[in-house]
1. Which of rounded, prolate, oblate describes the chain, given a ≥ b ≥ c as roots of the alpha-carbon gyration tensor eigenvalues and a/c under 1.5 marking rounded, otherwise prolate only if a/b is larger than b/c?
2. Place a point 7 Å from Cα of V181 in the direction of its Cβ. Which residues in the stretch 343-357 have their backbone N less than 19 Å from it?
3. What is the calculated FRET efficiency for V167 to A307, with r their C-beta to C-beta distance and R₀ = 30 Å, to the nearest 0.05?
4. Take the stretch 306-373, compute every pairwise Cα distance, and split them into 5 Å bins from 0; I just need the percent in each bin.
5. In debye to the nearest 20, how big a dipole does the chain give about its Cα centre with +1 on each Lys and Arg Cβ and -1 on each Asp and Glu Cβ?
6. What ranking do 216-224, 371-379 get when scored by the average of other Cβ atoms within 10 Å per residue, highest first?
7. For the stretch 68-128, with equal point scatterers placed on the C-alpha atoms only and solvent neglected, what are the log10 I(q)/I(0) values from the Debye formula at q = 0.15 1/Å, to two decimals?
8. Considering the dipole of the stretch 21-423 built from charges on the beta carbon (Lys and Arg +1, Asp and Glu -1) around the Cα centre, which of I37, I322, F58 is farthest to its positive end?
Amino acid sequence: MARPILPWTLHGDGKTVGEDEVVAPGERLNWPLTIGIGAQHVVAMFGATFLVPLLTDFPPSTTLLFSGIGTLLFLIITGNRLPSYLGSSFAFIAPITAATASAGMGSALFGILAVGVLLALVGVIVQLTGTGWIDALMPPIVSGAIVALIGFNLAPVAKANFDRAPVTALITLVAVILCTVLFRGILGRLSIFLGVIVGYVAAVAFGEVDFSKVTDAPWVGLPPFMLPTNPLTDPAVFGVLPAFLPVVLVLIAENVGHIRGVAQMTDAKVNRVTGRALLADGLATMLAGFSGGSGTTTYGENIGVMAATRIYSTAAYWVAGIVAVLLGLSPKVGAVINTIPAGVLGGVTTALYGLIGVIGVKIWLDNRVDFTKPVNQFTAATALIIGIADFTLNAGTLSFNGIALGTVAAISIYHLMTLITRLRAPRPGATIEPPVGTTEPDRAAV
């Protein structure tokens, strides 16, 4: 029997979702409702996805185009079993900023491409072996530290933008905070997006927005494309890799966390596509890096929409991906996004970068990391200071920044201290001799 062209079955009457029901990934509501849910996913992803190109000077329309293409590719590779939107990853901001400043945008694209290749390889390995080795390499104390230091490492970038227009930045920041408190449900989850709108209106009133390029931009057209630097002709580009490769660990953690969250709400069998999901995100990131877009990751904002609606249909994500592609093919949309001034960015990133850091802390809390243990204390403390202070190590043509060094520190310190602790642990049945100079009465007193 031939498979249907559209792989989704209609949920119930296609119009309602019972109080205790969820719309599974392989189901859908009627098409008007599905398109409406897809539109919500577009709004949910948009606020964060367009911020990345603004903060890194990448073309917004190119980034939107490849986030949409990446989402559609993700759905195909995972066989429509895992609902997810692949938006721009904030983990790339710091290495992109550093690489662009020192070696140009082409070098940053090479770094994104390299991350995509490595993530795709990890996906293949996970598909063959499972995720156990990932959990062993990056237990919660390590993964939380890596995510946290990436967010806190970006604090100087937020301050630089904030200082350029402090009044606008403050209005934007206050708007983000108030929207989070005042609104519930989906609107509350869009506080970053709403805060940007409020800040943008204030910036227009203060005369900080230049609309000249918007008028000249066509409504329809291809976005600007750019190739990464060729390492065969410019081997020095390999010097950006130490800053980019730690991002792979963050993308793995984000993808695995997303999959487990969806599996918990729908079907445990979703966990079986973890390898495919990592492969798909890797390929999407490679495609973006090869063409001038930013690297991608599964989006927590869209998980929030699914949790609020209980609709996990992948059909809605096809709608969202197609809409993102259409937005990417409108240079005027990209020109409007590019008019957002530094003050607005400074306000929103003051909260946003801090939230990235707090996500790392949340990983510790959710997994009940015991900070009375020295191994956890030193793993987190050392990695965070290295990342926040942005320690730098130069070795020939290679330069390792705070993110790279902090990541290496978190992994190395945890596993080294754990190994030494295990080696020093007494063997079963062995007697423990009292320290030299300790008498039997002393031990009894203890």
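The numbers here are math on the coordinates, done by the rules we state, and not lab data. Remember, it's a predicted structure, so these values are computed and weren't measured experimentally. Don't worry about glycine lacking a Cβ; one is built from the backbone with ideal geometry, like all the others, and counts go over all protein chains shown.
1. prolate
2. Under 19 Å, as judged by backbone N against the label point of V181, lie 347-352, 354-355 of the stretch 343-357.
3. 0.25
4. Calculated P(r), rounded to whole percents: 3, 11, 10, 10, 14, 20, 16, 7, 4, 3, 1.
5. About 500 debye.
6. Details: 216-224: 12.3, 371-379: 15.4.
Packing order, densest peptide first, comes out as 371-379, 216-224.
7. -0.59
8. I37
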